[in-house]
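Visitor: What follows is a structure written as structure tokens; I'll ask about it next.
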Amino acid sequence: MPFEKQPYVAVDARAADCEQGWLAIFNRLRGVRSVAIECYPGVDEDAIASEASAALPDAFLFLTSGARRPACEVDRLIAPYLTEDPVFGRICDLTLDQFFDNGAGPEFLADRPLVVIGQGATMFLPNPTILIYADMPRWEIQQRQRRGDSAAKDYKRGYFVDWRVADRWKRPLLDRADFLLDTTDRAAPKMITGESFRAALAATAHRPFRVVPFFDPGPWGGQWMRRVCGLPDGPPNYAWCFNCVPEENSLLLGYGDVRVEIPAMDLVLRHPRELLGERVYERFGAEFPIRFDFLDTMDGGNLSVQVHPLAPYAREHFGVAYTQDESYYILDAGPDASVYLGLKTGVDRDRMVADLRSDFDADCYLTRWPARRHDHFSIPAGTIHCAGRNCLVLEISATPYIFTFKLWDWNRFGLDGKPRPIHLDHGLANLQWERDTEWVRGNLLTPCEPVASGESFREERTGLDRSQFIETRRHWFRGPVRHSNGATVNVLNLVQGDEITVESPSGSFEPMVIHYPETFIVPAAAGDYIIRPSGPSLGTECATVKAYVRDCG
């Protein structure tokens, strides 16, 4: 069965809950005394203003961009968070009002409706007759940034500053917005009622769902995902698939034949307890702590030699609450596939550092381990590692996903023709030199541990390292398997088999069909669930890998 690249959550709604096209959207606003159209960073505020001006010629339009502090003042304000590093900054704690001159707002005109458009609209119009929130997923924002001349700089500012500020401002607005506006498809805007939007998120928080995966090429990328996931020709390869990163992925809501695209992060912000579970929410707040993605090196190249920051370093230097512990689950592998993990025993530290600054031979310094299908390698922060060519890696990790310190990148250039950034000083400050061949063998290559078995299934613990907060379990099964989610969010991937069905033993949610190798999320509020082979997988052995947050109490 085909990999579903546009999964959606069907919404129980009326026709009036969803409008398409600018004409229909602005028809809803005719005769309204005041309208605030709040915009997430990246939304084309000028395009909205142009359409509003044409559709509502009698209205007085005010764009909040005209009330922003001068660029030089904003640059000084955010400089401590962006730092001099070309890639990494520090998570900011600024608030949106600090970016604006609050004395530059609009005045009501007695004979004209008022429409305020832009980020911070409700700062200038706190109690509008109608409040619209124009939202946008971060992946779409990144695509728009890439069409500019400073994509890396724009992404860095978004990640460390703009999106943090915007999410704090957005959260209470989602509770009271009269409408949500989707302009991801510039040619086909959609607007849904706030009531319907909130009802859809509440329903999603109580049932299994998938976010929209996105795929990206890279200098080491391969061809496996193009073949298995049915991806189009054009890019030279596909290196990444981000299929469970709610901070960046979209969530599609299905209104009949219409698809409304919203940030999956909206679900995290509005329903963190139902989605994550009380225990996980208390620990992480309104953040989704588990990440699943694919790394494709089939007929490609090695990843960079890299290391991730230790938790104290991440807090001190970047302001993040936890770090990027991770693991490589080998979903598929060629006969020569391998993973570099840990240093070779007895390496000369000074010589290795010198070679990293000149011409590095990974096989001289790193231990290479054969990689076979269904192997699972734990990679706690501070461990040097690199996925070799001819692997399809299901990366299961903690969510802070940009904090990868490249130590060596095989003298490669990026797809833009420019050298890829190397972070040697950061990397060496975190590299744990004692994690050599013997340490890795004794601590990270432990065999699978049987946990439970039944008439038609067996359950194994496959990782991660005991120092990491994520627990992973693999189920092999030929018949139905009942899962208890332990009142915490579960993330799963179908790692073997063509098709399974996920269903509720009590009928609390509609059955959901999953295909190989799709990732799906089961919220804490969904309760127990059953997974069984279905369709072409009937009578065959299937396997899922499940990740959840360990109970550290």
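The values are calculated or read from the model by the stated rules, or taken from the named source; none is laboratory data. Since the model is a prediction, treat every value here as computed from it, not as a measurement. Cβ placement follows ideal geometry from the backbone for every residue including glycine, while neighbour counts extend to all protein chains displayed. Each accessible area value is taken on the protein alone, full model and side chains, heavy atoms only, with ligands, DNA and RNA left out. Shrake-Rupley method; radii C 1.70, N 1.55, O 1.52, S 1.80 Å.
Visitor: P(r) for segment 205-347, please, calculated from all Cα pair distances in 5 Å bins and given in %.
Guide: Result, from short to long distances: 2, 8, 13, 16, 17, 16, 13, 10, 4, 1, 0, 0, 0 percent.
Visitor: Could you work out what % of the accessible surface of segment 412-529 is carbon and sulfur, using a 1.4 angstrom probe and leaving DNA, RNA and ligands out of the count? Don't skip to the end; give the middle numbers.
Guide: On the way: 2500 of 5110 Å².
Summing carbon and sulfur atoms, their accessible area is 49 percent of the total for segment 412-529.
Visitor: R0 = 51 Å: FRET efficiency of A15 with R112, Cβ-based, nearest 0.05? Write down the numbers at each step before the final one.
Guide: Numbers: r = 32 Å, r/R0 = 0.62.
That gives a FRET efficiency of 0.95.
Visitor: Then there's this: When the chain is fully extended, how far beyond the present Cα-Cα distance does R458 get from K418, taking 0.36 nm per residue of separation? It would help to have the intermediate numbers written out before the result.
Guide: On the way: separation 40, 0.36 × 40 = 14.40 nm, distance 4.86 nm.
Here the answer is 9.5 nm.
Visitor: Over the chain, what relative contact order in percent results from Cα pairs under 8 Å that are six or more residues apart? Please list the in-between numbers first.
Guide: On the way: 1241 pairs, mean separation 78.3, N = 553.
14 percent.
Visitor: Once you place label points 7 Å from the Cα toward the Cβ at R482 and N127, how far apart are they in nm?
Guide: 5.4 nm
Visitor: Rounded to the nearest 0.05, what FRET efficiency is calculated for R144 and R227 with R0 set to 22 Å and r the Cβ-Cβ distance?
Guide: Numbers: r = 29 Å, r/R0 = 1.32.
Between R144 and R227 the formula returns 0.15.
Visitor: Just the number please: accessible area per residue for the chain, 1.4 Å probe, all protein chains included, in Å².
Guide: Details: 21860 Å² over 553 residues.
Accessible area per residue, the chain: 40 Å².
Visitor: How much length is gained on full extension from E438 to D97, taking 0.36 nm per residue of separation minus their Cα-Cα distance? Could the numbers behind the result be given before it?
Guide: Values: separation 341, 0.36 × 341 = 122.76 nm, distance 5.43 nm.
Here the answer is 117.3 nm.
Visitor: Something else: Work out from phi, with θ = phi - 60° and the Karplus expression 6.51 cos²θ - 1.76 cosθ + 1.60, the ³J(HN,Hα) of each residue of segment 430-444, listed in order in whole Hz, and give x for Gly and Pro.
Guide: Couplings: 10, 5, 8, 5, 6, 7, 9, 3, 5, 5, 4, 4, x, 10, 10 Hz.
Visitor: With a 1.4 Å probe and all protein chains kept in place, how much accessible area does E4 have, in Å² rounded to the nearest 10?
Guide: Estimated to the nearest 10 Å², E4 gives 80 Å².
Visitor: Below 8 Å, C-alpha to C-alpha, sequence gap of six or more: please give me the relative contact order for segment 219-265 in percent.
Guide: The normalised contact order for segment 219-265 reaches 27 percent.
Visitor: Continuing with the same structure: May I ask you to derive the FRET efficiency for D336 and D216 from their Cβ-Cβ distance with R0 = 22 Å, giving the value to the nearest 0.05?
Guide: Values: r = 25 Å, r/R0 = 1.14.
My answer for the efficiency is 0.30.
Visitor: With each label point set 7 Å from Cα along the Cα-Cβ vector, what nm distance links R357 and D299?
Guide: 4.1 nm
Visitor: Please give the contour-minus-distance gain from D498 to D46: 0.36 nm per residue of separation, less the Cα-Cα distance, rounded to one decimal in nm.
Guide: Working: separation 452, 0.36 × 452 = 162.72 nm, distance 4.63 nm.
Difference between extended and current length: 158.1 nm.
Visitor: Also, I was wondering about something else. If eta is 0.692 mPa s and T is 37 °C, what Stokes-Einstein diffusion coefficient results for segment 420-545, Kirkwood Rh from Cα pairs, in µm²/s?
Guide: Details: Rh = 16.7 Å.
The diffusion coefficient I find is 196 µm²/s.
Visitor: Another question, if that's okay. Using only the Cα atoms of segment 495-539, what semi-axes does the equivalent ellipsoid have when each is the square root of 5 times a gyration tensor eigenvalue? Give whole Å, largest first. Intermediate values should be presented prior to the final figure.
Guide: Numbers: eigenvalues 76, 29, 10 Å².
Ellipsoid semi-axes (Å, largest first): 20, 12, 7.
Visitor: Next question, about the same structure. Kirkwood Rh over alpha-carbon pairs of the chain, then Stokes-Einstein at 10 °C and 1.306 mPa s: what D in µm² s⁻¹, rounded to an integer?
Guide: Values: Rh = 24.9 Å.
Diffusion coefficient, whole number: 64 µm²/s.
Visitor: What spacing in nm lies between the two simple spin-label points modelled at V451 and K5, each 7 Å away from Cα in the Cβ direction?
Guide: My value for the distance between the label points is 3.3 nm.
Visitor: Residues of segment 480-504 with the amide nitrogen closer than 18 Å to a label point 7 Å from the Cα of L538, along Cα-to-Cβ, please.
Guide: Within reach of a label on L538: 480-481, 497-503.
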